[in-house]
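Scroll down for the structure; my scribbles are underneath it.
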Amino acid sequence: MPQIIPIRDLKKTSELSEMCRNVSEPIFITKNGYGDMVIMSMETYEKRMFLNDVYSKVAQAESSVRNGDVMDGFEALRITREKYGL
């Protein structure tokens, strides 16, 4: 369940920092009852960025397969071995 806190709680920096480290998801900050910003720990941010990169690469690979832009694995190895004299 997402953590939602009012913007006035940003004054409690040490508590907020601890909260960010203890939850593995973003914390939503509201202003006048409406969403205003999101904060998260560096660990959570880095994990999300890594997963975003992985999902992007998987989507590119699936697109290549759909478009037929693929090469047989044995053929790719043969070309690589010839290129590097292996």
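The values are calculated or read from the model by the stated rules, or taken from the named source; none is laboratory data. Just so you know, these numbers come straight off a predicted model, no measurement behind them. Please note: Cβ atoms are built from the backbone with ideal geometry, for glycine as well, and neighbour counts cover all protein chains shown. Quick note on the areas: whole protein, heavy atoms, side chains included, nothing else; ligands and nucleic acids left out. Shrake-Rupley method; radii C 1.70, N 1.55, O 1.52, S 1.80 Å.
Just to confirm the filter: which GluC sites (Glu not before Pro) across the chain are DSSP coil and have at most 13 other Cβ within 10 angstrom of their Cβ? Walk me through the intermediate numbers first.
Working: sites: E15, E18, E43, E46, E62, E75, E82; in loops: none.
Answer in residue order: no site qualifies.
For A59 and V23, the FRET efficiency from 1/(1 + (r/R0)^6), where r spans their Cβ atoms and R0 equals 35 Å, is about 0.80.
Taking every protein chain into account, the accessible area of region 35-85 amounts to 89 square angstrom per residue (probe 1.4 Å).
Taking a straight Cα-Cα cut-off under 17 Å and skipping sequence neighbours fewer than 8 places away in the same chain, the lysines within cross-link reach of K31 are K11, K12. State, as an integer percentage, the relative contact order of the chain based on alpha-carbon contacts under 8 Å between residues 6 or more apart. The normalised contact order for the chain reaches 20 percent. The angle separating the long axis of helix 73-84 from the principal Cα axis of greatest extent in the chain is about 80 degrees.
Normalised Debye scattering of the chain at q = 0.19, 0.22, 0.25 Å⁻¹ gives log10 I(q)/I(0) of -0.91, -1.04, -1.13, counting only Cα atoms as equal scatterers and leaving out solvent. For a straight C-alpha distance cut-off of 17 angstrom, the lysines reachable from K47 (same-chain residues fewer than eight places away being disregarded) are K57.
Mind running the shape call on region 35-81? Use the C-alpha gyration tensor, a ≥ b ≥ c as the square roots of the eigenvalues: rounded below 1.5 for a/c, prolate if a/b tops b/c, oblate otherwise. Write out the running numbers ahead of the final one.
Details: a/c = 7.57, a/b = 2.59, b/c = 2.92.
Judged from the Cα gyration tensor, region 35-81 comes out oblate (a/c at least 1.5, b/c at or above a/b).
For the chain, which whole-number percentage of the solvent-accessible area (1.4 Å probe, protein heavy atoms only) is attributable to carbon and sulfur atoms? Show your work: numbers first, answer last.
Numbers: 4120 of 7370 Å².
That fraction is 56 percent.
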